[in-house]
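A.B. asks: Take this structure, written in structure tokens, and hold onto it; I'll ask about it next.
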Amino acid sequence: MRLTMIGHSTVLIENDGRRLITDPYFGTFGHIAYARVRLPALTREEIGPLDGVLVSHGHWDHTDRRFFRSLEPEVPVLVPSPTSALMRLKGVRSPVSLRPWQTVSLGGLAVTAVPALHLAPTVGYVVQSETACVYFAGDTYHRPFMAEIGRRFPINAALMPVTTYRLPMTMGEKGAVLATRDLQCETVVPIHLGVQPRSPLLRTRQSPEGFQRRLRDTGLPTRVVHLGDGASYEVERPANVEAPDLAVATG
């Protein structure tokens, strides 16, 4: 399974020709209160055909109306169950509403919605193939459900926020360390790094490097992989971990 960082929380997940994308956002300006600090590595048009889209929640930096409208109508877009109407307004033609612990198959990949907590209705996702298991957190705070996710899934790589702003929108360094401990994941790939408050008063000194130092101090063996925009990382399940039964859905 290959993870390619497009930018911010937009990651392309590929496995044996099957292609999913998370929280698509290709805007270059940002928001009146937040600036986009790095341009996405690919444009909407350069993404190519997809087997599905995973949307964690409906905030502006995780949804892209022009991208949704460009998708073929049959491409499923997974969304949190309370947000179907909102996602249609944002251009989603084929929303598939999921509650935590529901599983669907996208292009042969098992995708399970998992609990998350944010300022809007939200879920995370676990993507499983026969060779790898990846957790996409979206925007979430650390909460006890992380331990349950770790118990249910043998997570090889976790895509998750590791920093936050003065008004906390996601996990910061400390919360991300606790989440890493609970998830028992092998690798963390930091996300949600593509925008920052325009006001310096709302910024913090938290960074992926600060998270990595805190993680190292705990003695946890988890690796931190910093993916620059456009860079990829290959994920593979260790030989001593049994592959999941992809035909079995939880819910």
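The values are calculated or read from the model by the stated rules, or taken from the named source; none is laboratory data. Model, not experiment: these values are computed from the prediction. Every residue, glycine among them, receives a Cβ derived from its backbone with ideal geometry; neighbour counts consider all protein chains shown. Ligands, DNA and RNA are excluded from the accessible area calculation, which covers all protein heavy atoms including side chains. Shrake-Rupley method; radii C 1.70, N 1.55, O 1.52, S 1.80 Å.
A.B. asks: For segment 125-167, what is the accessible area per residue in Å², given a 1.4 Å probe and the full set of protein chains?
C.D. replies: For segment 125-167, the per-residue accessible area is 30 Å².
A.B. asks: Roughly to the nearest percent, how much of the accessible area of the chain is carbon and sulfur, given a 1.4 Å probe?
C.D. replies: Taking all protein chains in place, the chain shows 53 percent carbon and sulfur surface.
A.B. asks: For Arg151 and Thr103, compute 0.36 nm times the residue count separating them, minus their Cα-Cα distance, and round to one decimal in nm. Before the final figure, lay out each step's value.
C.D. replies: Numbers: separation 48, 0.36 × 48 = 17.28 nm, distance 1.64 nm.
Gain in length upon complete extension: 15.6 nm.
A.B. asks: Can you check what the net charge comes to around Asp16, using other residues whose Cβ is under 12 Å from the Cβ of Asp16 (Lys, Arg +1; Asp, Glu -1)?
C.D. replies: Details: positive: Arg2, Arg18, Arg19; negative: Glu14, Asp51, Glu130.
Surrounding charge for Asp16 is 0.
A.B. asks: Tell me, what is the 1.4 Å probe accessible area of His226, in Å² to the nearest 10?
C.D. replies: Solvent-accessible area, nearest 10 Å²: 90 Å².
A.B. asks: Something else now. Calculated from the structure, Rg and Dmax of the Cα atoms in Å equals which of [x] 17.0, 59; [y] 16.7, 50; [z] 17.5, 50?
C.D. replies: Identified label for the calculated read-out: [y].
A.B. asks: By how many nm would the segment from Thr131 to Arg65 lengthen if fully extended, with 0.36 nm per residue of separation less the alpha-carbon distance? Walk me through the numbers on the way to the answer.
C.D. replies: Numbers: separation 66, 0.36 × 66 = 23.76 nm, distance 3.29 nm.
Gain on stretching Thr131 to Arg65: 20.5 nm.
A.B. asks: Starting at 0 and stepping by 10 Å, how many percent of the alpha carbon pairs of segment 1-46 end up in each bin?
C.D. replies: 26, 50, 19, 5, 0
A.B. asks: Using amide H atoms built in the peptide plane, which far-off residues or other-chain residues are under 5 Å from Gly30 H to H?
C.D. replies: Close amide H contacts, sequence-distant or interchain: Arg36.
A.B. asks: Tell me, what is the FRET efficiency for His226 and Arg93 to the nearest 0.05, using R0 = 35 angstrom and their Cβ-Cβ distance as r?
C.D. replies: 0.50
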